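Novice: Would you mind keeping the following structure in view while I ask a few things?
The values are calculated or read from the model by the stated rules, or taken from the named source; none is laboratory data. No experiment lies behind these values; they were computed from the predicted model shown. Backbone-built Cβ (ideal geometry, glycine too); neighbour counts: all protein chains shown. Ligands, DNA and RNA are excluded from the accessible area calculation, which covers all protein heavy atoms including side chains. Shrake-Rupley method; radii C 1.70, N 1.55, O 1.52, S 1.80 Å.
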Amino acid sequence: MAKEIDEQPVIVKNSINEYIDKISRQINIYNFPWKINQISSIFLVGCGTAYHSCLVAKYWFEEYTNFDVTIDIASEFRYRKINFKNNCLYVFVSQSGETADTYAALDLCKKNKMKTCSIVNVVESSIARDSDFVLPIHCGPEIGVASTKAFLGQMLVLYMLCIKLSFDQKKINKKNYQEKIKNLLSLSNLCKKTLLIDSKIQKASKSFIKAKGSMFLGRGYSFPIALEGALKLKELAYVHAEGYPAGEMKHGPLALIEEGMPVVVLAPRDEYYKKTVSNMQEVIARGAKVLLVTNKSKNEVLSENIWETIEVETLSEDLFPFLTTIPLQKLAYYS
Ligand code: F6R
């Protein structure tokens, strides 16, 4: 798993090389079988970590495209009474391409003659074979039980698809489109630098393994990253961890916060920053040990009594989900 976490700058580079023409600064999605006006909504489906990538993508698609966006966990989707729509693109995200629930959800769409697209790592898989169109994530084999590099790869392909469709819909102009592509070309290097953050995470992990439980909080696209951080910790360290939208804490879960409980707060300096910091102060006031994950900035963090702060690289808000994921993977690994 450590190897797969460390490989992430390389897989980001590989995927970008596959999808972006550096000279023309265009995202190439060859042979996309539908015209932009044939799609009015997008339904993203996956399980576990793959579902979390769908949840991050929902924020991007809602911000940058005109599509209605719905997401679901495959094991729910396959048993729901879905109102299938001809102008909806059903997207299935799966590292292995063999997850039974995701396959069953795809199969249901196929039986209803829907447009289907899969985002997979294993291109010889059942899900890839049976979907109308495949977008590979180009991560190489993921051997570790916990998905790490595939998560970054899934988010990256979903982001590139979103930006390409946004440009095709004329929701973003050429200048914005090319600016986003320029930023993507720096992502590999930003991941490499973020991977250098190490000893603080290693030290912090000692508190997580001793704790009865822990929480991961974030708002907006940092909320799915909080879910992902908690999932990794549960899966790898057998520590109870809850991912929560930071704004929901006051509706019940604050009651769980007790003296010394480790809480990860994801608060990059984005449009949610001030609100998340205010939620962070509430948990600090109840005695939580806050491990803050933010981004490098000239401005100091607007709070006192933070136990530990980790600062990831800064370039654009869109790239924060990629960068804030890395310290959480390492936290789970060290724990
Ligand atoms: C978590 C993890 C699982 C998978 C899930 C879906 O670390 O690995 O949650 O993400 O089982 O698997 P795929 O992506 O192969 O469909």
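Novice: Return only the number of the condition from (1) open to solvent by less than 60 Å² (accessible area, probe 1.4 Å); (2) touching a strand residue (DSSP E or B) at 6+ places or on another chain (Cβ under 7 Å) that Y221 does not satisfy.
Specialist: (2)
Novice: Starting from residues that are away from the ligand (no atom under 15 Å from the Cβ) and hydroxyl-bearing (S, T, Y), keep the ones in region 148-187 and report whichever is surrounded by the fewest Cβ atoms within 10 Å (Cβ to Cβ).
Specialist: If we filter region 148-187 for residues that are away from the ligand (no atom under 15 Å from the Cβ), which is where we start, we get 159-187.
Applying the additional criterion that residues be hydroxyl-bearing (S, T, Y) yields 159, 166, 177, 186.
Values: Y159: 24, S166: 22, Y177: 20, S186: 14.
Restricting to residues being away from the ligand (no atom under 15 Å from the Cβ) and hydroxyl-bearing (S, T, Y), the top hit is S186.
Novice: From Y272, Y333, grab the single residue that is aromatic (F, W, Y), touching a residue at least 60 places away in the same chain (Cβ under 8 Å) and either farther than 19 Å from Y59 by Cα or open to solvent by 10 Å² or more (accessible area, probe 1.4 Å) (or both).
Specialist: On the way: Y272 fails: touching a residue at least 60 places away in the same chain (Cβ under 8 Å).
That would be Y333, the only listed residue that is aromatic (F, W, Y), touching a residue at least 60 places away in the same chain (Cβ under 8 Å) and either farther than 19 Å from Y59 by Cα or open to solvent by 10 Å² or more (accessible area, probe 1.4 Å) (or both).
Novice: Next question. When you check P262 against the structure, is it over 17 Å from G287 (Cβ atoms), crowded, with 17+ Cβ neighbours inside 10 Å and not small (G, A, S), yes or no? Talk me through it step by step, then tell me what you get.
Specialist: Values: over 17 Å from G287 (Cβ atoms): no; crowded, with 17+ Cβ neighbours inside 10 Å: yes; not small (G, A, S): yes.
In short, no.
Novice: Answer yes or no as to whether K171 is in contact (Cβ under 8 Å) with a residue 60 or more places away in the chain and either in contact with a Ser or Thr (Cβ under 6 Å, 6 or more places away or on another chain) or in a helix (DSSP H, G or I) (or both). Walk me through how you get there before you give the answer.
Specialist: On the way: in contact (Cβ under 8 Å) with a residue 60 or more places away in the chain: yes; either in contact with a Ser or Thr (Cβ under 6 Å, 6 or more places away or on another chain) or in a helix (DSSP H, G or I) (or both): yes.
When the stated conditions are applied, K171 passes them.
Novice: Here is a further query. So which residues in region 171-192 are in contact with a helix residue (DSSP H, G or I) (Cβ under 9 Å, 6 or more places away or on another chain) and basic (K, R)? Before you say what the answer is, go through the steps one by one.
Specialist: We begin by selecting, within region 171-192, every residue in contact with a helix residue (DSSP H, G or I) (Cβ under 9 Å, 6 or more places away or on another chain); these are 171-174, 176-177, 180-181, 183-192.
K171, K174, K180, K192, listed by residue number.
Novice: Testing K234 on (1) out of contact with any strand residue (DSSP E or B) (no Cβ under 9 Å at 6 or more places or on another chain); (2) crowded, with 16+ Cβ neighbours inside 10 Å; (3) over 17 Å from L152 (Cβ atoms), one condition comes back false. Which one is that?
Specialist: Failed condition: (1).
Novice: Examine region 131-148 for a residue that is modelled with pLDDT of 95 or more and assigned to a helix (DSSP H, G or I), and state whether such a residue exists.
Specialist: No, that holds for no residue.
Novice: Residues that are open to solvent by 10 Å² or more (accessible area, probe 1.4 Å) and touching a residue at least 60 places away in the same chain (Cβ under 8 Å): does region 316-325 have at least one?
Specialist: Filtering region 316-325 for residues open to solvent by 10 Å² or more (accessible area, probe 1.4 Å) gives 316-318.
Next cut, touching a residue at least 60 places away in the same chain (Cβ under 8 Å) only: 316, 318.
Checking region 316-325: at least one residue is open to solvent by 10 Å² or more (accessible area, probe 1.4 Å) and touching a residue at least 60 places away in the same chain (Cβ under 8 Å).
Novice: So G243 clears everything in (1) open to solvent by less than 10 Å² (accessible area, probe 1.4 Å); (2) closer than 22 Å to K200 by Cβ; (3) not polar (S, T, N, Q) except one condition, right? Which one?
Specialist: (1)
Novice: Quick one: how many residues across region 14-32 are open to solvent by 40 Å² or more (accessible area, probe 1.4 Å) and in contact with a Cys (Cβ under 9 Å, 6 or more places away or on another chain)?
Specialist: Looking only at region 14-32, we keep the residues that are open to solvent by 40 Å² or more (accessible area, probe 1.4 Å), and these are 14, 17-18, 21-26, 30-32.
Going one step further and asking which of them are in contact with a Cys (Cβ under 9 Å, 6 or more places away or on another chain), we end up with 14, 32.
Within region 14-32, residues that are open to solvent by 40 Å² or more (accessible area, probe 1.4 Å) and in contact with a Cys (Cβ under 9 Å, 6 or more places away or on another chain) number 2.
Novice: Moving on to the next point. Which residue pairs have Cβ atoms closer than 6 Å, lie 6 or more positions apart in sequence or on different chains, and pair a first residue in region 76-87 that is on the phi > 0 side of the Ramachandran plot with a second residue that is open to solvent by 100 Å² or more (accessible area, probe 1.4 Å)?
Specialist: none
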